[in-house]
């Protein structure tokens, strides 16, 4: 699969961003439990109904020790998104107000589409003074958007570390339940630079490697005041950081909601998904 992200352009003039297919593929044996292609004994199972191409298709979900009732109630493919949001003291005031409003707008935009609201799962991690898992993974239809408050320094490395671990844990849940999922998104927004020592370098290397090998898609956005040089070191090699124009958080989250809706409504094995351009809210960071 390729996602071409509008004009998210690299400093070398390359337009469009190639993404690898999902790193987990599943077999769907007729009459049996959905199981990972790596094999292994089938788990106890239950039958659920998934919408497919305007109609419905029955599927059998692996259940048992690793299974969760949420996948029986909602057996749709999942599109996991982790937001890493800077809530440090420098975000206090209008920036934090607009960031909160942007997250709320993201939820409203996804809810417009019933299928996307069942497929997009959001986790929110805030970092300001400490790293906090504000919202664990939940589908948008069940999400209560938080009101973040700014304070403290910028433990960005810890946030990256927690984001990566949270994604891996969620992917393990999908695998145990036999649920298909799209390549996860890890989306970092900051107006500063890491203050938690060398941890950010190690976490950034893991995020870059995961992006390179198709285990996630890593995006970085700098708000006014962000150290774009450091953010460039953190960002994926083929996806440089973007700088937010002013406080256009709502436009940013409009782009994000449109993008993940497109992905969540595509086939898991689709060859290409074109994402909207970013020129309305950002410019390539220098």
I want to confirm something. Restricting to the stretch 188-209 and keeping residues that are in contact with a strand residue (DSSP E or B) (Cβ under 8 Å, 6 or more places away or on another chain) and crowded, with 21+ Cβ neighbours inside 10 Å, which single residue is nearest to residue 81 (Cα to Cα)?
188
Checked against (1) assigned to a helix (DSSP H, G or I); (2) surrounded by fewer than 18 Cβ atoms within 10 Å (Cβ to Cβ); (3) touching a helix residue (DSSP H, G or I) at 6+ places or on another chain (Cβ under 7 Å), residue 147 satisfies every condition except (1)
The condition of being touching a helix residue (DSSP H, G or I) at 6+ places or on another chain (Cβ under 8 Å) and at positive phi holds, among 152, 157, 128, only for 152
Among the residues of the stretch 212-235, write down those that are under 30 Å from residue 113 (Cα atoms), modelled with pLDDT under 95 and either in contact with a strand residue (DSSP E or B) (Cβ under 7 Å, 6 or more places away or on another chain) or in a helix (DSSP H, G or I) (or both).
216, 217
When residue 164 is run through (1) over 17 Å from residue 210 (Cβ atoms); (2) touching a helix residue (DSSP H, G or I) at 6+ places or on another chain (Cβ under 8 Å), the failure sits at (1)
Looking at the stretch 100-114, is at least one residue crowded, with 23+ Cβ neighbours inside 10 Å and within 22 Å of residue 175 (Cβ to Cβ)?
no
Looking only at the stretch 245-276, filter to residues that are buried (at least 23 other Cβ atoms within 10 Å of the Cβ) and closer than 26 Å to residue 200 by Cα; which one of those is farthest from the chain's Cα centre (by Cα)?
249
Take the stretch 59-106 and flag every residue that is under 22 Å from the mean Cα position of the chain (by Cα), in a loop (DSSP other than H, G, I, E, B) and either within 22 Å of residue 132 (Cβ to Cβ) or modelled with pLDDT of 95 or more (or both).
87, 88
Mind checking whether some residue in the stretch 107-123 is part of a strand (DSSP E or B) and more than 17 Å from the chain's Cα centre (by Cα)?
no
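Please pick out the residue among 242, 247 that is touching a residue at least 24 places away in the same chain (Cβ under 8 Å) and in contact with a strand residue (DSSP E or B) (Cβ under 6 Å, 6 or more places away or on another chain).
After ruling out the rest, the residue left standing is 242.
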Positions within the stretch 186-198 being outside any strand (DSSP E or B) and within 27 Å of residue 100 (Cα to Cα), in sequence order:
191, 192, 193, 194, 195, 196
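The values are calculated or read from the model by the stated rules, or taken from the named source; none is laboratory data. In this text the structure is predicted, and so the values were computed from the model without any measurement. We place every Cβ from the backbone using ideal geometry, glycine too, and count neighbours over all the protein chains shown.
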